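Chemist: Following this message is one structure expressed as structure tokens.
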Amino acid sequence: MLKLNKISFTTGGSRKILDSISLKVRSGEFLVITGPNGSGKSTLAQIIIGIKNPTSGQIIYNKTDITNLSITERAKMGIAFSFQQPVKFKGVKVYDLLNVASGAMMEKAEAGKYLEKVGLNPEQYLLREVNDKLSGGELKRIEIATVLARDAKVLIFDEPEAGIDLWSFENLTKVFKKLKAEKKTIIVISHQERILKIADKIVILENGKIEAEGAPEKILSQITGANYGIN
């Protein structure tokens, strides 16, 4: 279980981004965090993974206080993060990236299975460079493949739908459904209704606070037509 106790985050300019967020994420739960732009969603994701440190509050993972642990230490504990904008690595092949992510030298056939999970043909992509010649959707799916290769227990995705085409998005939802079936603990920042609908629980953030949380059938009726950018 991942537990956030009264997490707050204030910028150097004293602007409060998060205000006493308390939240429990059960093992194997698919949680989607949504809300208007500027509500603190990405900041919360970055605090969970360790990119940013909370101004106050505590993060507990499986009864261990990880509030002050680095992103590397959290990764070793099985917490993985997918950025909103995938990182490019000029001169690095997809196969190399998957090996680094898994922490072992895999056979090409084994590495290719992670690409197949995200709808990419290993023969076409395994030896390609992770550079500007790849589309946003391709980069996003390659990054998700590296997250899967880590065999993490908690997967955090910050707006995975950003910058990808409809075909890639359809494959993305299939990936999430598979991960959900595998009982992975998943936290997704998203405005996409199709992702919200497959969640176990939805949390609405607004002005740095939790405005509501609950099952999709309860929450979606509250936010349809609201200024949350749901599409």
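The values are calculated or read from the model by the stated rules, or taken from the named source; none is laboratory data. Everything numeric here is computed off the predicted structure, so don't read it as measured data. Using ideal geometry, Cβ is built from the backbone for each residue, glycine included, and neighbour counts are taken over all protein chains shown.
Chemist: Of (1) buried (at least 18 other Cβ atoms within 10 Å of the Cβ); (2) closer than 28 Å to Met77 by Cα, Leu134 satisfies all except one. Which?
Modeler: (2)
Chemist: Provide a single number: the residues in segment 24-48 that are buried (at least 20 other Cβ atoms within 10 Å of the Cβ) and not polar (S, T, N, Q).
Modeler: 12
Chemist: Which residues, counting only those in segment 1-23, are buried (at least 22 other Cβ atoms within 10 Å of the Cβ) and either assigned to a loop (DSSP other than H, G, I, E, B) or among the aromatic types (Phe, Trp, Tyr) (or both)?
Modeler: Phe9
Chemist: Let me ask something additional. List every residue pair whose Cβ atoms lie under 6 Å apart, where the two residues are 6 or more positions apart in sequence or sit on different chains, the first residue falls within segment 68-83 and is farther than 25 Å from Gly137 by Cα, and the second residue, located anywhere, is among the charged types (D, E, K, R).
Modeler: Gly78/Lys153
Chemist: Report, by residue number, each residue of segment 110-121 that is surrounded by 19 or more Cβ atoms within 10 Å (Cβ to Cβ) and free of Cβ contacts under 8 Å to residues at least 40 places away in the same chain.
Modeler: Scanning segment 110-121 gives Ala111, Gly112, Tyr114, Leu115, Leu120.
Chemist: Count, please, the residues in segment 5-40 that happen to be farther than 21 Å from Phe157 by Cα and touching a residue at least 60 places away in the same chain (Cβ under 8 Å).
Modeler: Number satisfying all stated conditions: 3.
Chemist: Filtering segment 90-104 down to residues that are surrounded by fewer than 15 Cβ atoms within 10 Å (Cβ to Cβ) and not β-branched (Val, Ile, Thr), which residue is modelled with the lowest pLDDT?
Modeler: The selected residue is Lys90.
Chemist: If Ile48 passes every condition in (1) aliphatic (A, V, I, L, M); (2) within 27 Å of Ala181 (Cβ to Cβ); (3) in a strand (DSSP E or B) but one, which one does it miss?
Modeler: Condition (3) is where Ile48 drops out.
Chemist: While we're here: Is there a residue in segment 163-185 that is modelled with pLDDT of 90 or more, in contact with a Leu (Cβ under 8 Å, 6 or more places away or on another chain), farther than 29 Å from Leu31 by Cβ and of a type in the set (Ser, Thr, Tyr)?
Modeler: no
Chemist: Of these, Glu107, Glu129, which one is in contact with a Gly (Cβ under 9 Å, 6 or more places away or on another chain) and either surrounded by 13 or more Cβ atoms within 10 Å (Cβ to Cβ) or more than 22 Å from Lys174 (Cα to Cα) (or both)?
Modeler: Sole residue among the options that is in contact with a Gly (Cβ under 9 Å, 6 or more places away or on another chain) and either surrounded by 13 or more Cβ atoms within 10 Å (Cβ to Cβ) or more than 22 Å from Lys174 (Cα to Cα) (or both): Glu129.
Chemist: Cβ-Cβ below 8 Å, separation at least six or inter-chain, first residue in segment 180-199 and within 15 Å of Asp151 (Cα to Cα) and touching a residue at least 24 places away in the same chain (Cβ under 8 Å), second part of a loop (DSSP other than H, G, I, E, B) and β-branched (Val, Ile, Thr): which pairs?
Modeler: Every condition considered, the pairs that remain are Lys180/Ile198.
Chemist: Follow-up. For segment 100-217, which strands (runs of 3 or more DSSP E) that fit wholly inside it have 3 or more residues that are among the β-branched types (Val, Ile, Thr) and within 23 Å of Ser39 (Cα to Cα)?
Modeler: Answer list for segment 100-217: 185-189, 201-206.
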